[in-house]
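The values are calculated or read from the model by the stated rules, or taken from the named source; none is laboratory data. The shown structure was predicted, so the numbers you read here are calculated from the model rather than taken from an experiment. Here the Cβ positions follow ideal geometry from the backbone for every residue, glycine too, while neighbour counts run over all protein chains shown.
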Amino acid sequence: MSASSRSIRGEVTFEGMRVPYEIISSPRRRNVQIEVRPGQGLIVRLPAGVEAGAAQIEQELLRHADFYRAALTAELRAPGGLRAVQTPDGLLTFQLQRRRGRKRVAIHVLPQGTVEVRAPWSTPVRWIDEFVVQHSAWIRQRLADLPPPIQYTTGTAVPFQGERLRLEVLPGLFAAGEIRRKGDRLLVSVGGVGNDEELHKAVRDLLRRWLMQQALEVCRQRVSYWSQRLGVAPAKVTIKDMSTRWGSCSQRGNLSISYRIVMAPPWVMDYLLVHELCHLRHMDHSAAFWAAVKDAFPQADAARRWLREHSAELRL
């Protein structure tokens, strides 16, 4: 801003919304311009000598209420992404995810230490920030309660289909970047790593790829079995690295399954596949949907309970 320009900040209320504004006067400006900027509210640019304040801004908002309602609502419903809010204990960073059709705001503390906030598309971002601040003590306690990071060294237990496989890191034993299973052991060969941090990352990446391949093979077999039992046929089955859900079914009939489910006992994996396959007939969680799931898989409640109690263990 030039030395001859001046700026005035304030806030007005419009249809229940608190709208911050900044008035910038400049001798070089020849006309009045009002902008709506995401995260900043209104920017009012005036020629020098033209007076304006909160009362004039309120009149302008009311005069073109439809326009400003749409523009300001779009601003307050800013898209998702990484956000940070100031709490009594310092900054708290979270990932905002918006979904159309969602009914409420929910906070999830994920096993890897990420805080995710899921919100309806229409919820004002300021309200979401305040909601996170109000629950910051709960969030920090959940983060503190998370198990320590896994150390990918010899002796580490890796869950696989309800078993515990013992990890053995064997640099140079066979081709670098390879995993072999031998009974209840997983032999992992890595090479070209310079320190422990690089070694742990290399082992984790290999494990993730191995588990995704195992999940794909098992899913192909079990989806074929359950599809015949249920009389449905998915268009496509994809194994993904999903940290916030176990599976999903799209309107086109495509199933997406988290590779981590292969770490659970086989009967729990079967429940998940039945759950998603039943969505091919009921694209909701209605009473009819749950009746279909439990009819095909009577242990559904026990499987859901198992996942709630053990989901934090099924991680890399």
Among (1) in a loop (DSSP other than H, G, I, E, B); (2) under 20 Å from residue 308 (Cβ atoms); (3) in contact with a helix residue (DSSP H, G or I) (Cβ under 7 Å, 6 or more places away or on another chain), which single condition is residue 152 missing?
(2)
Might you let me know whether the stretch 72-88 holds any residue that is modelled with pLDDT of 85 or more and out of contact with any strand residue (DSSP E or B) (no Cβ under 9 Å at 6 or more places or on another chain)?
yes
Residue match in the stretch 229-243 (condition: of a type in the set (Asp, Glu) and closer than 30 Å to residue 106 by Cα)
yes
So which residues in the stretch 259-304 are farther than 30 Å from residue 205 by Cβ and within 22 Å of the chain's Cα centre (by Cα), if there are any at all?
279, 283, 284, 285, 304
Is it true that some residue in the stretch 115-125 is buried (at least 18 other Cβ atoms within 10 Å of the Cβ), in a loop (DSSP other than H, G, I, E, B) and in contact with a His (Cβ under 7 Å, 6 or more places away or on another chain)?
no
Residue 110: closer than 21 Å to residue 308 by Cβ and surrounded by fewer than 18 Cβ atoms within 10 Å (Cβ to Cβ), yes or no?
yes
Pull up the stretch 225-242, narrow it to residues that are part of a loop (DSSP other than H, G, I, E, B), of a type in the set (A, V, I, L, M, F, W, C) and surrounded by 14 or more Cβ atoms within 10 Å (Cβ to Cβ), then point me to the one that is modelled with the highest pLDDT.
232
Taking first residues from the stretch 1-29 that are in the same structural domain as residue 69 (by TED's automatic domain parsing) and second residues anywhere that are modelled with pLDDT under 75 and in a strand (DSSP E or B), the pairs with Cβ under 9 Å that are 6 or more apart or on different chains are 23/6; 24/6; 25/6; 26/6
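The rows are residues; the columns are (1) out of contact with any Leu (no Cβ under 9 Å at 6 or more places or on another chain); (2) assigned to a helix (DSSP H, G or I); (3) surrounded by fewer than 19 Cβ atoms within 10 Å (Cβ to Cβ).
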| site | (1), (2), (3) |
| --- | --- |
| 251 | yes, no, yes |
| 257 | no, no, no |
| 260 | no, yes, no |
| 269 | yes, yes, no |
| 274 | no, yes, no |
| 282 | yes, no, yes |
| 291 | yes, yes, yes |
| 301 | yes, yes, yes |
What single numbered condition from (1) surrounded by 15 or more Cβ atoms within 10 Å (Cβ to Cβ); (2) part of a loop (DSSP other than H, G, I, E, B) fails to hold for residue 245?
(1)
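Looking only at residues that are among the β-branched types (Val, Ile, Thr) and either surrounded by 12 or more Cβ atoms within 10 Å (Cβ to Cβ) or under 12 Å from the mean Cα position of the chain (by Cα) (or both) in the stretch 88-107, which one is farthest from residue 143 (Cα to Cα)?
From the stretch 88-107, those among the β-branched types (Val, Ile, Thr) are 93, 105, 107; that's our starting set.
Retained after the next criterion (residues that are either surrounded by 12 or more Cβ atoms within 10 Å (Cβ to Cβ) or under 12 Å from the mean Cα position of the chain (by Cα) (or both)): 105, 107.
On the way: 105: 19, 107: 12 Å.
Among them, the one singled out is 105.
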Note on the stretch 12-29: residues surrounded by fewer than 13 Cβ atoms within 10 Å (Cβ to Cβ), assigned to a strand (DSSP E or B) and either among the acidic types (Asp, Glu) or at pLDDT below 80 (or both) are 18
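Could you tell me whether residue 222 is surrounded by 14 or more Cβ atoms within 10 Å (Cβ to Cβ) and basic (Lys, Arg)?
yes
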